[in-house]
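Notes to accompany the following structure.
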Amino acid sequence: MWKFVTRLMLRQWPRWAAYVAATFAVGAAFAASRWVWPEMQAYPFFFYFPAVFVTAVLFDHGSGHWAAVLAAILLTLQLEPRLSFWIAEPRDQLAWLAFVVFSLLLASLVEEMRNFLHRTQAAEHKARAAEQQARRAEEQKDLFLREAVHRFKNDITIVGSLLRLQERRLGDGAAKAMLANTANRVEVMARVHDRLRVGPGSAAEVNTQEFIKGLCADLQASLVDLRPIMVEVAAEPHPLSHEQAVAVGLIINEAVTNALKYAFPDERPGTVIVSFHRRGEAFLLRVKDDGVGFGPERAPRVGGVGRRLVHSMAQQLDGSLTVEPDEGQPGTVVTVTFPHVLGEELVRPEHDGGRLAAT
């Protein structure tokens with residue numbers, strides 16, 4: 001019912017139609033007070049209040065005030081002396097004056113309510129239009145991002161294919177290994193772009209759980225072959241920015257590749273565990289193997305592109321890097337701790353330092 005009344009109040013009428021309707025409503029009230037209920041002629045005011053109210057509710061352009069003035073004129077003709085614009089009784093004069101004041105006030109309040117509803121409706125239409133425009137802009141941004149990601153991924157894939165092609169043509173073992181490592185690093189960036197998603201504020205994000213599991217599965221398939229080595233993943237799903245995901249992916253690529261190449265000599269069986277967790281306001285990335293490990297007699301080499309790359313990626317994450325033997329058992333643990341980004345602030349970890357063997 002209220003919705004129906006609201007629709008009537010919001011309907012726009014021509015000025016002439018509003019005044020004709022107001023005149024008709026007041027005339028109907030006059031006829032009701034004179035002929036429909038003649039026994040109520042002593043209380044004619046009660047017939048005109050509804051006419052003024054309904055006119056003010058349904059029509060605009062000041063038609064409620066016109067109805068109040070027209071009703072006041074007809075009332076003077078109904079009060080003693082009849083058919084005269086003079087009211088003889090002081091009591092009737094006071095009642096007439098009260099009717100004029102209250103009817104005009106009623107018309108003003110109802111028309112102000114109409115104006116408020118019109119303003120509210122206009123604001124809702126404007127907000128709805130702005131929301132639709134923002135949604136279209138968001139969809140357009142998402143489309144542009146997907147297109148850019150697709151094109152860039154294709155370009156990276158082409159570069160990786162060219163590197164693999166050159167690798168197969170080379171006969172030199174060292175150069176061939178370098179090209180293979182470079183191709184692996186390029187493919188890591190391709191995997192990052194393949195898993196980009198649009199997060200809040202149209203930011204490009206990567207889900208760590210999906211990304212790390214896919215990356216480790218690819219590394220195991222390409223490097224383990226028939227060797228008795230397992231690569232296990234325990235990663236929590238957290239959104240990382242594109243830059244952070246590239247750095248994390250390159251670190252995992254170098255650390256896992258390093259473990260698969262050097263930690264299990266002579267067909268030794270073993271396991272490499274890659275874990276990614278959030279600890280307070282920092283992320284903890286750990287690559288742990290149960291291989292031969294290192295000690296004073298098997299210290300990791302201090303040079304190499306892999307070591308420099310991992311150190312560079314850890315610095316890019318504004319984090320710390322440690323490489324150390326597993327506590328109380330053979331194996332090596334590579335740990336990278338970096339802050340979780342909160343707006344413009346970075347929560348920095350407390351420790352740093354460490355070394356990584358070259359791949």
* Probe 1.4 Å, all protein chains in place: accessible area of K126 in Å², nearest 10? -> 150 Å²
* For A174 and R119, compute 0.36 nm times the residue count separating them, minus their Cα-Cα distance, and round to one decimal in nm. => 12.2 nm
* For region 104-186, calculate the relative contact order in percent as a whole number, restricting contacts to Cα pairs under 8 Å that are 6 or more residues apart. => 21 percent
* Order of 127-133, 51-57, 264-270 by packing, highest average Cβ count within 10 Å first? -> 51-57, 264-270, 127-133
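The values are calculated or read from the model by the stated rules, or taken from the named source; none is laboratory data. As the structure is a computational prediction, the values presented were derived from the model and not from experiment. Using ideal geometry, Cβ is built from the backbone for each residue, glycine included, and neighbour counts are taken over all protein chains shown. Remember, those area values only see protein heavy atoms, side chains included, never the ligands or the DNA or RNA. Shrake-Rupley method; radii C 1.70, N 1.55, O 1.52, S 1.80 Å.
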